[in-house]
Structures are given as structure tokens and as C-alpha cells.
Amino acid sequence: VLFTDFCVMGTVIFDSTTHPGIGLITLNRPHRLNGWNMTMHFELFAALEKAAADPQVRIIVVTGSGRAFCAGADLNEIVDSPELAEESRGMTFVMQLPKLVVCAINGPVAGIGLAFALACDVRFAVRDAKVTTAFAKLGLVAEHTISWTLPQLVGTGNALKLLASGEVTSSQECYRMGMFQHLSEPGSVVTDAVAWATKLCTTVSPDALAVIKRQVWVHPHLPVQEASKQCDAMMMASLGPGTESKEGFKAFFEKRSPHFSPYSSSSALQKALEKTVPSKL
């Protein structure tokens, strides 16, 4: 897929120009409630790769067009798809991106759409959204890593209740369980998500944020002693020469906003990250 800074593809819109520092990705099949098909799958992952590689993008926000975020798989197209059988990238692809991915759930979300949202790092949701796992009612199992992500967020009991029943749950209940981090009024979820992401763009180091994201996804699944050892090693690396901490401390004492460099996989801190905290997702 060839991208420009603003690109309308068949099923996805990519925009890195409207909001400075933000790569806004919009699922764009509103006539099918943004039902997930293989074209959307490949275009979405390509847009995420583009945003991750773009030095002007610091935070990625994903939302849906129309009245839904994603109503799950488009069963008219995706069942028995040969492309699906050959696709090697799962939802862990989203978790392993070096930039924070914020999901702005603008309406109903189900099935694989929910699985994608749970693989994102932070979830904003409209207050009146309806949420369902849906799989069991179709005779399907817990798919697309949701059997791993959902219990991490809401606990085993709540995860089993949601997965076993396939029942429709309100976004307020999902927020109460810890699935969502922020509830927005109808029509304002993208605005709220972008506002929060923009604040991060102007106040935090992309280099440090990439490390923090890796730590949060990996460390809860390590023995505490190993996680602590890695934290200490990365703390020392973040204070080393050529790191962003010098600018952070200087801005703090000068009482001004910091001027952090864009994320770079070749920075000293990222090299230390790959050595110290290998991604084991």
C-alpha cells in the first residue's frame, strides 16, 4: 500500500496532517458497520506500520467511521478466506509497535473489532457504545488473542462471563471493569482521544514511551525479580549519554515544555531496550 500523509484507501483512512504528532487511522466501511474483512485487515496493518515508521507521528489513534467502531468480522467475506489462513500477523503486532496506540471506540464493537481494541494500549469509548465478544454464539472459540488480553484487563471471572455468554454489555460496565480507560459523550470520543494524545506529544519523550510500553506489556508476565532487574537496567540506560533525560531535566528546572526528539529505533535507549527487555509476547 502506498501512503501519503493523508490517504483514503478502500477500507481505511490514514491522516497524519490534521493533528500534529497524531497518526489518525479510521476504519472506513460504514455501510457494513466497519465489518472486518481481509482488505481492511491488510490496510489497517499497513497504516499502523506507516504510522510507526513516520518520525512525525508520536501517538497513533484508531477509530471508526459512521455509527460503529467495528461490528466484528464481515461473515459474508471473511469465513474460509485463504488470505486469513496465510496471515502471520496477529494482534500481538499492535502490542509490539513502538508507539502508543489509542483506540477511540465511537460506537458498537464486537468480535474481532473488540479483540483489536483490547490489543491497543489505551481505550477511549463513547458512553452509549454496546460491546460484545460474540464468538460463542457463533460456535466459535475465543479468537485473536482475546483469551489473553481480556483477563489481563477485567480478571478471569469477568472475562469468562463475557466470553461464555456472548452477551451485549454497556460501555459503562466495561469501564467499571477496567476494559476502557475513559468514557466520552456521543460525538466527542475522537476529540477526547486526540486531545489526550496531543498532550503526550508535547510533554513526554517518544523514546522513553516506547520503553514504558514494552515494560508494561512484558513485565507482568516475568518473575518480579527479573522485571525489577530489567527496570533498574533501563533506568540506568535512560540516564546515559545521548538520551532524552538531559532535555527532560533541563526543561523541568527551566520551567518550560521539553523539546524531545522523534522516536528512533537506533537511539541508545532503544538499543538498550532490545538487549535488556526482549519482546516475549
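The values are calculated or read from the model by the stated rules, or taken from the named source; none is laboratory data. What you are looking at is a predicted structure, and each value in this text was computed from that prediction instead of being measured. Quick reminder, even Gly has a Cβ in these numbers, built from the backbone with ideal geometry, and neighbours come from all protein chains shown. Calculation scope for accessible area: heavy atoms of the full protein, side chains included, ligands and nucleic acids excluded. Shrake-Rupley method; radii C 1.70, N 1.55, O 1.52, S 1.80 Å.
Do you know which of the residues in region 245-281 that are assigned to a helix (DSSP H, G or I) and among the hydrophobic types (A, V, I, L, M, F, W, C) is nearest to the chain's Cα centre (by Cα)? By that ranking, first place goes to 273.
The set of residues from region 218-229 being open to solvent by less than 40 Å² (accessible area, probe 1.4 Å) and assigned to a helix (DSSP H, G or I) comprises 218, 219, 227.
Note on region 151-160: residues that are open to solvent by 20 Å² or more (accessible area, probe 1.4 Å) and in contact (Cβ under 8 Å) with a residue 12 or more places away in the chain amount to 4. Residues in region 21-36 that are open to solvent by less than 10 Å² (accessible area, probe 1.4 Å) and within 14 Å of residue 112 (Cβ to Cβ): 27, 34, 35, 36. Across region 1-26, the number of residues qualifying as modelled with pLDDT of 90 or more and either in contact with a His (Cβ under 6 Å, 6 or more places away or on another chain) or not charged (D, E, K, R) (or both) comes to 15. Taken as a whole, region 102-110 holds no residue that is assigned to a helix (DSSP H, G or I) and either surrounded by fewer than 24 Cβ atoms within 10 Å (Cβ to Cβ) or at pLDDT 95 or above (or both). Filtered by the rule that a residue be outside any helix (DSSP H, G or I) and of a type in the set (A, V, I, L, M), region 150-185 gives 168, 179, 183.
Among residues of region 42-77 being open to solvent by 10 Å² or more (accessible area, probe 1.4 Å) and assigned to a helix (DSSP H, G or I), the one that is nearest to residue 186 (Cα to Cα) is 43. Can you tell me which residues in region 1-34 are in contact with a Lys or Arg (Cβ under 6 Å, 6 or more places away or on another chain) and over 20 Å from residue 97 (Cα atoms)? Of everything in region 1-34, just one residue is in contact with a Lys or Arg (Cβ under 6 Å, 6 or more places away or on another chain) and over 20 Å from residue 97 (Cα atoms), namely 11. Does residue 195 qualify as being closer than 23 Å to residue 129 by Cβ and not in a strand (DSSP E or B)? Yes, satisfied.
For (1) open to solvent by less than 30 Å² (accessible area, probe 1.4 Å); (2) of a type in the set (Lys, Arg); (3) more than 30 Å from residue 267 (Cα to Cα); (4) in contact with a Ser or Thr (Cβ under 8 Å, 6 or more places away or on another chain), each residue gets a yes or a no:
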| position | (1), (2), (3), (4) |
| --- | --- |
| 146 | yes, no, yes, yes |
| 162 | yes, no, yes, yes |
| 166 | yes, no, yes, yes |
| 176 | no, yes, yes, no |
| 187 | no, no, yes, no |
| 192 | no, no, yes, yes |
| 201 | yes, no, no, no |
| 206 | yes, no, no, yes |
| 211 | yes, no, no, yes |
